[in-house]
Amino acid sequence: MSVFPKDFLWSASTAATQIEGSWNADGKGESIWDTLVHDGTGKIAHSENADVAIDFYHRWREDVALMKEMGLNAYRFSISWSRVLPQGTGPVNEAGLQFYRDLCDELLRNGIQPLVTLYHWDLPTALYRKGGWKNPESHNWFAAYTDVVSRALGDRVRYWMTFNEPQMFCGLGLQIGVHAPFERNEDADLMIITRNVLLAHGEAVRILRKNCPGAKIGIAPTGDCCLPEDDSPLAVEKARDRSLSPYPNYLMSNTWWADPIFLGRYPAWAKGELGTLLYPMNAEEWALVSQPLDFYAFNCYQNTVDLIPDPASYPECAGQGSPRTAIGWNITPDVLYYASKFWFERYGLPVLITENGFANNDFVMLDGKVYDPQRIDFLHRYLRQVARALEDGIPVLGYSYWSLFDNFEWAAGYDVRFGLIHVDYATQQRTLKDSALWYRDVIATNGDNL
């Protein structure tokens, strides 16, 4: 008998900017991933952009048919804020809302549960020009956006996530400047940004509770963790302590975001790390930020590594000849077990694995097929660790592979292929990879064949 529960969410993930294309069609406004990659400064590999991406906006019906063919019972995707509200606030673009209504309806007709993320890094340009997440009104902007989306989709969507990886859109985009909006801010501004994002999350939860009775609500931060040297209690506690610390960088750490949201307080190390710079929060704001959630979602690919690796050495848990993906990420399957364990034990909520995946150099062979045995092996090893967590009594609600498709991978452009479905970017032809067929068989047996 499978250790996976009967209602386990077998899913795959995408994000609006990375797949939709149609960046200015049918009334859509620009996001920072539109405006700031059209400026000719070459911030994206090969000066590429997401103008077309994989044209999901026009091909979604055939893509949902592929999801059904794969046997998915859930699909995680994000809403494009500027497709719904072209200026970020104000008039609603009904064509944009209808696109998401139609998508959700098609998913449900095919037995696929929509898992919706409200914000996956694509701030409307109009709001960026008003200061973006530094503006004290930003949490109110997000509240208004959440209200529009949840009123439109609340009768179709059961699972909601407010933000995807605040560590990354703040850390990569606003601290070290390698993602849009390509800024380098000092700690004082990063405190303002953190506070506003936390308040925005709280406002969104309040509105989702009001507009979507019975909905399951969470947030999807990065969830990589440090791994123990062995399974001894001492080594496990040492790894746990490091995973809860400001490593590898306070803004990108797990507890910087999760402790305020799930525990209603700063992480224990915050005052020592930041002193008088630490953002202020009054009792009413803490209550808003830390409203009860239903699950702890997390994205997890490898063990926690240094933000800027030392080129003279190997990253932690790696060494000469150790397995890595095509973009150099460690292959450390037990990270899914330990991340599930650490976050469940700390925050006391069921966990939902919202991203985990493998970058490979995939291409269509002469026979028209895409063979990706490394991805299958990766999936097999990582899913066994999900089963291990379930066997240990950790309530894992579901697993969502990143990504359903090959797509626009942010600053890496189209060089990186994570997908279960191969996309020929010149023709937009879709091809199920061997890994998609293998995943289909896992889902059909509810993980019993792992």
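The values are calculated or read from the model by the stated rules, or taken from the named source; none is laboratory data. None of these values were measured; they are calculated from a predicted model. We place every Cβ from the backbone using ideal geometry, glycine too, and count neighbours over all the protein chains shown. Heavy atoms of the whole protein, side chains included, go into the accessibility calculation; ligands, DNA and RNA do not. Shrake-Rupley method; radii C 1.70, N 1.55, O 1.52, S 1.80 Å.
Relative contact order of the range 176-335: what whole-number percent is it, with Cα pairs under 8 angstrom and at least 6 residues apart?
27
Report ³J(HN,Hα) in whole Hz for each residue of the range 398-411, in order, from the Karplus equation J = 6.51 cos²θ - 1.76 cosθ + 1.60 where θ = phi - 60°; Gly and Pro get x.
Coupling constants for the range 398-411: x, 9, 10, 6, 9, 10, 4, 10, 4, 7, 5, 9, 6, 5 Hz.
For Asp51 and Arg265, compute 0.36 nm times the residue count separating them, minus their Cα-Cα distance, and round to one decimal in nm.
Length gained between Asp51 and Arg265: 73.0 nm.
Mean-square fluctuation check for the chain, GNM, Cα pairs under 10 Å: which of Ala412, Ala283, Ala215 is largest?
Ala283
Given a 1.4 Å probe and every protein chain left where it sits, what share in percent of the accessible area of the range 82-196 is carbon and sulfur?
It is 47 percent, rounded to a whole number.
Using a cut-off of 15 Å between beta-carbons, work out the net charge of the residues near Tyr314 (Lys and Arg +1, Asp and Glu -1, Tyr314 not included).
Around Tyr314, the surrounding residues sum to -2.
Beyond a 32 Å Cα-Cα separation, which of these cross-linked pairs lie in this structure: Lys68/Lys134; Lys43/Lys433; Lys28/Lys68; Lys216/Lys341; Lys43/Lys210; Lys130/Lys433?
In this structure, Lys68/Lys134; Lys43/Lys210; Lys130/Lys433 exceed 32 Å between Cα atoms.
Which FRET efficiency, nearest 0.05, do Thr276 and Arg209 yield, Cβ-Cβ r, R0 35 Å?
Efficiency at R0 = 35 Å is approximately 0.50.
Give me a comma-separated list of calculated 3J(HN,Hα) values for the range 177-183, in order, Karplus coefficients 6.51, -1.76, 1.60 applied at θ = phi - 60°, integers in Hz, x for any Gly or Pro.
x, 9, 10, 4, x, 6, 10
Given that just one value was derived from the coordinates, which of [x] 57, 49, 43; [y] 58, 57, 47; [z] 78, 47, 45 is Cα extents along the principal axes in Å?
Only one listed value fits the structure, namely [y].
How many angstrom separate the Cα center of the range 113-181 from the Cα center of the range 346-387?
Value for the Cα centre distance between the two parts: 27 Å.
If the chain between Arg101 and Asp367 were fully stretched, how many nm would it gain, using 0.36 nm times the residue separation less the Cα-Cα distance?
92.0 nm
Would you mind computing, in nm to one decimal, how far apart the modelled labels at Asp392 and Asp187 are, each placed 7 Å from Cα along Cα→Cβ?
Reported label-point gap for Asp392 and Asp187 is 3.4 nm.
Over the range 204-333, with every protein chain in place, what whole percent of the accessible area is carbon and sulfur at 1.4 Å, could you tell me?
55
Around Leu190, under 15 Å between beta carbons, what's the net of Lys plus Arg minus Asp minus Glu among the other residues?
Summing Lys/Arg as +1 and Asp/Glu as -1 gives -2.
List the relative contact order of the chain as a percent without decimals, with contacts defined as Cα pairs under 8 Å and 6+ residues apart.
Once normalised by length, the contact order is 18 percent.
For the chain, modelled as a Gaussian network with Cα springs under 10 Å, which listed residue fluctuates most, Pro124, Pro136, Pro395?
It is Pro136.
First measure r as the distance between the Cβ atoms of Gln428 and Glu345, then evaluate 1/(1 + (r/R0)^6) with R0 = 45 Å and state the FRET efficiency to the nearest 0.05.
Between Gln428 and Glu345 the formula returns 0.50.
So if we plug the beta-carbon distance of Ser232 and Lys68 into 1/(1 + (r/R0)^6) with R0 = 41 Å, what FRET efficiency do we get, rounded to 0.05?
0.35
Among DSSP bridges having both ends in the chain, what percentage is antiparallel? Round to the nearest 5.
Counting DSSP beta bridges with both partners in the chain, the antiparallel share is about 20 percent.
For the range 310-450, state the average projected area of the convex hull of the C-alpha atoms over all orientations, rounded to one decimal in nm².
Averaged projected area of the range 310-450's Cα convex hull equals 10.5 nm².
Explain nothing, just compute: Karplus ³J(HN,Hα) = 6.51 cos²θ - 1.76 cosθ + 1.60, θ = phi - 60°, for every residue of the range 130-139 in order, whole Hz, x for Gly and Pro.
Working through the residues one at a time gives 9, x, x, 6, 7, 6, x, 8, 4, 5 Hz.
Report, by chain and number, residues whose modeled amide H sits under 5 Å from the one on Gly419, excluding near sequence neighbours (fewer than 5 apart, same chain).
Here Ser403, Asp406, Asn407 satisfy the definition.
If I model a spin label at Arg129 and Val178 as a point 7 Å from the Cα along the Cα→Cβ vector, what separation in nanometres do I get?
Here the modelled spin labels are 3.0 nm apart.
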